[in-house]
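The structure appears below as structure tokens.
The values are calculated or read from the model by the stated rules, or taken from the named source; none is laboratory data. These figures come from a predicted structure and were not determined experimentally. Here the Cβ is made from the backbone with ideal geometry for all residues, glycine too, and neighbour counts use every protein chain on show. These area figures cover heavy atoms from the full protein model, side chains too; ligands, DNA and RNA do not enter into them. Shrake-Rupley method; radii C 1.70, N 1.55, O 1.52, S 1.80 Å.
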Amino acid sequence: MKQLLTWSALGLSLAIASAATADKLIVATDTAFVPFEFMQDGEYVGFDIDMWAAIAEENGWEYELRPMDFSGIIPALQTNQVDVALAGITIREDRAEVIDFSDGYYDSGFTLMVPIDSEIETTDDLAGKRIALRMGTSAADYAQEHFNETELRLLPNIDNAYLELRSGRVDAAMHDTPNVLYYIATAGDGEVKAVGEQMMAHEYGIGFPKGSELVEDVNASLAAMRDDGRYDEIYEKWFGSRPGE
């Protein structure tokens, strides 16, 4: 009888623990996309992280950040393994067919990065060259469509792509503009530079499973943050200036 009570108590405890976990939103994030989300001193930090914290606080939501590779984030949303995704996800028609997006919250595009002494000045100079990109990204899709005379080297993460460039194994790397500029400013050691004009302007959106009830509340919070200045403050913290400056 005593053993039965013990197991019953254990089952009740597990049920309570499961319910508590279920009350938390699971937020997928790619923690290798500075300055939007990355690990620093054992904590998740970045523009997206701060923005989501403000949204969650406004709505009274508890959440758990779950790091995962970018390539697994959209499938995780499709299968309802996660409730939200923060990963600098470009809003695209093909993606919008399988997941829901918030309103766009950041305007971006792609920028080329080359060695400081490179003669490459624009994408026109990439013919016969080698370029490193992160597989599964909009930048990689763009390169496959437009750089027919360029050897594309697709890597599992952007750090690998930048390492290929720094080690001389490729002639250029291309990724989302804010990430490229942040890398040059903070880790480039004066050995790399951005060249050419930004390509294919696009917007990032927060991702959700299809039919998510969270989208409307998130959009309302994003609009409120733009109106009351909180968005501008977070933007300035991570990019050094306010939007449009």
How large is the charge dipole for the chain, taken about the Cα centre, if only the Cβ atoms of Lys, Arg (+1) and Asp, Glu (-1) carry charge, to the nearest 20 debye?
960
Mind jotting down the distance between the C-alpha centroids of region 141-184 and region 56-76, whole Å?
26
Over the chain, what is the relative contact order in percent, taking alpha-carbon pairs closer than 8 angstrom and at least six residues apart?
25
Using alpha-carbon pairs under 8 Å, 6+ residues apart, how would you state the relative contact order of region 108-201 in percent?
47
The chain, accessible area per residue, ligands and nucleic acids excluded (1.4 Å, Å²)
51
Once label points are set 7 Å from the Cα along Cα→Cβ at both Arg92 and Glu233, what is their separation, rounded to one decimal in nm?
3.6
Label-point separation (nm) for Asp217 and Gln144, each offset 7 Å from Cα along Cα-to-Cβ?
3.7
With labels modelled as points extended 7 Å from the Cα through the Cβ direction, what inter-label distance (nm, one decimal) is found for Asp41 paired with Glu121?
4.4
Cβ under 14 Å from Gln198's Cβ, Gln198 left aside: what net charge do those residues give with Lys, Arg +1 and Asp, Glu -1?
-4
If unit charges are put on Cβ atoms (+1 for Lys and Arg, -1 for Asp and Glu) and the dipole of the chain is taken about its Cα centre, the option from Ile99, Met68, Ile131 lying farthest towards the positive end turns out to be Met68
Could you compute the FRET efficiency for Lys129 and Arg242, with r as their C-beta to C-beta distance and R0 at 41 Å, rounded to 0.05?
0.65
Roughly how many Å² of His146 are accessible to a 1.4 Å probe, to the nearest 10?
90
Net charge around Asn157, counting only other residues with Cβ within less than 14 Å of its Cβ (Lys, Arg = +1; Asp, Glu = -1)?
-4
Rounding to the nearest 20 debye, state how big the charge dipole of region 108-201 is about its Cα centre with +1 on each Lys and Arg Cβ and -1 on each Asp and Glu Cβ.
320
In nanometres, the difference between 0.36 nm per residue of separation and the alpha-carbon distance of Asp107 and Met200 is 32.4 nm
Kindly work out what percent of the DSSP beta bridges joining two residues of region 108-201 are antiparallel, to the nearest 5.
55
Can you tally the net charge around Asp100? Count Lys and Arg as +1, Asp and Glu as -1, for every other residue whose Cβ sits under 12 Å from the Cβ of Asp100.
-3
Sequence of Ser241, Ser138, Ser71 from largest to smallest accessible area, 1.4 Å probe:
Ser71, Ser241, Ser138
Kirkwood-Stokes translational diffusion coefficient of region 108-201, alpha-carbon pairs, 10 °C, 1.306 mPa s, µm²/s:
125
Stokes-Einstein D (µm²/s) once Rh is taken as the Kirkwood radius of the chain over alpha-carbon pairs, at 25 °C in 0.890 mPa s:
125
Enumerate the helices in the chain for which the Kyte-Doolittle hydropathy averages -1.0 or more and the C-alpha atoms extend at least 27 Å along the helix's axis, using complete DSSP H runs.
2-22
Beta bridges per DSSP with both ends in the chain, % antiparallel, nearest 5
60
Would you work out which of Phe33, Ile184, Leu222 lies farthest towards the positive end of the dipole of the chain? Charges go on Cβ: Lys and Arg +1, Asp and Glu -1.
Phe33
If you roll a 1.4 angstrom probe over the protein chains with everything in place, what fraction of the accessible area of the chain belongs to carbon and sulfur, to the nearest %?
48
